[in-house]
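Only the coordinates and a few stated rules stand behind these numbers; no lab work does. All figures in this text were calculated on a predicted structure; none of them were measured in a lab. Neighbour counts are summed over all protein chains in view; Cβ atoms, including those assigned to glycine, are modelled from backbone coordinates with ideal geometry.
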Amino acid sequence: MLDHERILAKIDELEGYQRELLQIAPASFDEYQNIEKKRACERLLQISIETVIDVCHLLVKGLRLGLPAEEDDLFEKLAGAGIISQSMKDKTKRMKGFRNILVDRYGHIDDRIVYEMATERLGDFEAFKREVLEALSEGYARIGGGESEKR
C-alpha cells in the first residue's frame, strides 16, 4: 500500500531544496566559481536527487513492483508500471549518475556540468514531481501480478 503522506512529505522536501537552489543559483559561471556558491549548489543538487530516489523507493515498495537489484531498477519498474514516462526514466537515471559523481568522484567534478544542472536543468525535478503527483491524484496502485485498484 502506498504511503501517500511520506511520498508527499518527500515531494515537499524536494520543493524546499529547489527553492533554496533557486535563491542561491549563480547568475554566471564566474559567480559559480565562488567556493561557497559551488559547494552549496553541489550539495543541494545531491540531496535533491537523493530525494527523487527516495520517492522512487517509496513508490516501488508501496506498489509492490518487486525488489530492485540496483537503483536503476527503480526507474525501470516505475516506467514499466506507467508511474513515470520513459523520458523521465532516462532523466532519473542520469540524475542518479550525476549524484554518484558528486558523491563518489568528488575530485573529478566538471564545474560546467554542475553549473548547468543548477541553472538550466531544474525543470527535470519539476517534471518528476508533476508525474508522481499526477499518478497519485489518479489513485493509481499496482498490486502484485498486475491488478490495479483505485484508492
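Worth pointing out:
- Each helix, a run of at least 4 DSSP H residues, gives -39500 (n - 2.57); summed and divided by the residues of the chain, these come to -23500 deg cm²/dmol at 222 nm.
- Degrees separating the helix 86-104 axis from the principal Cα axis of the chain, which is the longest one: 50
- GNM remark for the chain: springs join alpha carbons under 10 Å apart, and the peak mean-square fluctuation among 55, 132, 103 falls on 103.
- For the chain, the longest principal axis of the alpha carbon atoms and the long axis of helix 35-62 meet at an angle near 10°.
- Net charge, residue 53 excluded, C-beta distance under 11 Å - Lys, Arg +1, Asp, Glu -1: 0
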